[in-house]
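Asker: What follows is a structure written as structure tokens; I'll ask about it next.
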Amino acid sequence: MTTPNAPSLLPLSDLVDYLLGELSPADERRVEEIFFEDEASTRLLELIESIREGIRDLVTQAYAGGVVNLSMVQKMRQSGLTLREYRLTPGATVSCKAGPEDFVLVRLATGFGSAADVTVDVDFRDLETNRTAPTLSRPVEVDREADEILLIFTGEEVRSYPRSLWTLRVHGRTASGETEFGPFILDHTP
Amino acid sequence: MQKTQASHSKWNGAADGELAKAITREPGRCPDAEAEFYRRFARRVRLYGLRHLGGEDPARDLTHNVMVLTLEKLRRGEVREPERVGSFVLGVARMLVHEHYRSRSREELLGNDPPPDHVLEPVEPNRLASARLKKCMELLSERERAILVLTYYGEQSTKTIAQSLGLGAGNVRVIRHRGIAQLRECIGIGKEPGR
């Protein structure tokens with residue numbers, strides 16, 4: 001047995017891959033032979049496992065971060081979560097009415113191709129007061145298979161906004177340099 | 001069921017082999033050593049079961065069966081190298097998982113001996129507080145967060161995630177390890193050794 005504060009005999013990467021079943025059979029056996037005799041490795045494996053369970057719990061409790069592909073959306077639906085979906089193409093305005101759903105899914109659909117370092121800028125205008133908010137910019141991932149960007153918001157968050165126009169512009173680095181895609185426009189009614 | 005508190009027993013800091021020898025030396029009369037042995041190894045068997053059987057319930061059954069069998073063997077003095085008892089427990093776990101897939105009954109594997117019931121509390125998974133984990137997730141980059149969620153909630157393979165994000169599989173692994181290391185740091189449990 002190792003002492004309580006001894007470092008793990010196995011690196012984190014081996015333990016992560018072990019629990020995912022992504023080690024070769026020989027490496028898997030090696031990892032098992034070590035962690036069965038090493039308390040620190042066991043504790044680290046337990047932590048990884050608790051992170052896995054914690055992330056599953058978070059999404060189930062309407063955590064919107066990190067959802068970037070359609071397979072994931074399908075999995076969420078299969079788990080019983082409700083998503084209201086809006087598919088936006090450049091130049092078109094889509095009306096969006098938030099209900100009591102768990103999530104609102106906004107699909108930005110155009111030919112993003114192999115654009116890298118992609119960010120989305122969101123301009124917000126309150127249609128009741130005509131006030132605007134500073135442009136919000138965030139890095140996003142592209143679902144390369146669907147060639148779309150999937151943005152997910154919690155229903156609670158979307159419902160907190162007043163009647164407003166959201167204009168989304170996507171920027172990315174392509175072979176021809178910095179490229180803008182869009183605009184994609186959501187006309188939101190609470 | 002008699003529950004033995006192992007947390008403050010004199011056996012806490014004992015080597016695995018010392019525990020095994022104590023159980024063999026005084027069969028059935030060393031409940032603190034058995035409880036510590038169980039606490040230590042049941043967690044390892046559960047993790048092994050999660051990996052190979054894919055769910056909490058079968059992992060819990062495996063843990064129970066492996067520990068019953070191991071403790072009985074120790075009590076009977078049938079573990080030849082008690083100082084290498086970790087390898088023995090792993091061997092039993094491997095055998096039972098193999099037999100699980102061949103659908104042999106528990107009785108065939110374990111015989112009819114009653115289990116040493118005073119130490120067989122199921123191992124409960126550790127739960128992270130959602131609020132704390134959420135806060136730590138927000139500190140990750142968009143890409144790290146995406147890969148962790150796709151991995152653990154989406155249950156997508158590294159290859160699938162790589163295709164989806166237009167990355168190499170090795171890159172996905174590196175980003176995932178980095179994300180978990182950061183979560184670990186943020187959650188505040190342990191530190192990665194100097195690797």
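Asker: Between the alpha-carbon centers of region A:18-45 and region A:146-164, tell me the distance in whole angstrom.
Answerer: That distance is 41 Å.
Asker: Tally Lys/Arg at +1 and Asp/Glu at -1 over every other residue whose Cβ is under 13 Å from the Cβ of B:Glu83; what's the total?
Answerer: Its environment carries a net charge of -1.
Asker: Please state the charge dipole magnitude for region B:1-94, taken about the Cα centre, from unit charges on C-beta atoms (+1 on K and R, -1 on D and E), reported in debye and rounded to the nearest 20.
Answerer: Around 60 debye, computed over region B:1-94.
Asker: Just add up the charged neighbours of B:Ile175: K/R +1, D/E -1, any other residue whose Cβ is under 9 Å from the Cβ of B:Ile175.
Answerer: +3
Asker: Still on this structure: Going by how many other beta carbons lie within 10 Å of each one, how would you line up A:Thr174, B:Thr160, fewest first?
Answerer: A:Thr174, B:Thr160
Asker: Other chains' Cβ within 10 Å of B:10-20 residues: what's the mean?
Answerer: Values: counts 0, 0, 2, 3, 1, 3, 6, 2, 1, 1, 0.
That works out to 2 on average.
Asker: So, one more: Could you size up the charge dipole of the protein assembly as shown around its Cα centre, putting +1 on the beta carbon of Lys and Arg and -1 on that of Asp and Glu, and report it in debye to the nearest 20?
Answerer: 180
Asker: Taking the Cα centre of the protein assembly as shown as the origin and placing charges on Cβ (Lys, Arg +1; Asp, Glu -1), which of A:Leu70, A:Val170, B:Gln182 is farthest toward the positive end of the dipole?
Answerer: Of the candidates, B:Gln182 comes out farthest on the positive side.
Asker: Right, another one. Evaluate peptide A:33-43: per residue, the Cβ atoms of other protein chains within 10 Å of its Cβ; return the mean as an integer.
Answerer: That average works out to 5.
Asker: Roughly what percent of Cα-Cα pairs across the protein assembly as shown reach past 36 Å?
Answerer: 37
Asker: Follow-up. Note the angle between two axes, namely the Cα long axis of helix A:39-60 and the longest principal axis of the Cα atoms of chain A, as a number of degrees from 0 to 90, rounded to the nearest 10.
Answerer: 20
Asker: Report the antiparallel proportion of the DSSP beta bridges in region A:111-190 as a percent, rounded to a multiple of 5.
Answerer: Bridges in region A:111-190 that DSSP calls antiparallel: roughly 100 percent.
Asker: Got a sec to turn the phi values of region A:93-109 into Karplus ³J(HN,Hα) couplings, 6.51 cos²θ - 1.76 cosθ + 1.60 with θ = phi - 60°, whole Hz, x for Gly and Pro?
Answerer: Taking θ as phi minus 60°, the curve returns 10, 10, 6, 10, 10, 7, x, x, 5, 6, 9, 10, 10, 10, 9, 9, 10 Hz for region A:93-109.
Asker: Per residue of B:38-51, count partner chain C-beta atoms within 10 Å of its C-beta, then hand back the mean as an integer.
Answerer: 4
Asker: Follow-up. Considering just Cα atoms, how many Å³ per residue does the convex hull of region A:13-63 enclose?
Answerer: Cα-based convex hull of region A:13-63, divided per residue, equals 68 Å³.
Asker: Normalised by the residues of region A:58-190, what does the relative contact order come to in percent, with Cα pairs under 8 Å and at least six apart?
Answerer: 31
Asker: Within the set A:Lys97/B:Lys159; A:Lys75/B:Lys134; B:Lys10/B:Lys134; B:Lys10/B:Lys73, which residue pairs have Cα atoms separated by over 27 Å?
Answerer: Over 27 Å Cα-Cα: A:Lys97/B:Lys159; B:Lys10/B:Lys134.
Asker: What ³J(HN,Hα) values, in whole Hz, does the Karplus curve 6.51 cos²θ - 1.76 cosθ + 1.60 give for region B:72-81 when θ = phi - 60°, with x put for Gly and Pro?
Answerer: 5, 5, 5, 4, 8, x, 9, 9, 5, 10
Asker: A follow-up question, please. Enter the mean projected area of the convex hull around the alpha-carbon atoms of region A:1-130, in nm², rounded to one decimal.
Answerer: For the Cα atoms of region A:1-130, the hull's average projected area reads 13.2 nm².
Asker: On to the next question. Output wanted: per-residue J couplings in Hz (rounded whole) for region B:148-157, from phi through Karplus 6.51 cos²θ - 1.76 cosθ + 1.60, θ = phi - 60°, x for Gly and Pro.
Answerer: Karplus values, whole Hz, x for Gly and Pro: 5, 5, 5, 6, 8, 8, x, 6, 8, 6.
Asker: Please give the helix A:25-35 orientation as an angle from the longest Cα principal axis of chain A, in degrees from 0 to 90, rounded to the nearest 10.
Answerer: So the inclination is approximately 70 degrees.
Asker: Right, here's the next one. Starting from the alpha-carbon convex hull of region A:36-91, give the projected area averaged over all orientations, in nm².
Answerer: Convex hull of Cα atoms, orientation-averaged projection: 5.8 nm².
Throughout, read-outs are computed from the coordinates displayed, never taken from laboratory work. Since the structure is predicted, the reported quantities are computational estimates derived from the model, not experimental observations. Here the Cβ is made from the backbone with ideal geometry for all residues, glycine too, and neighbour counts use every protein chain on show.
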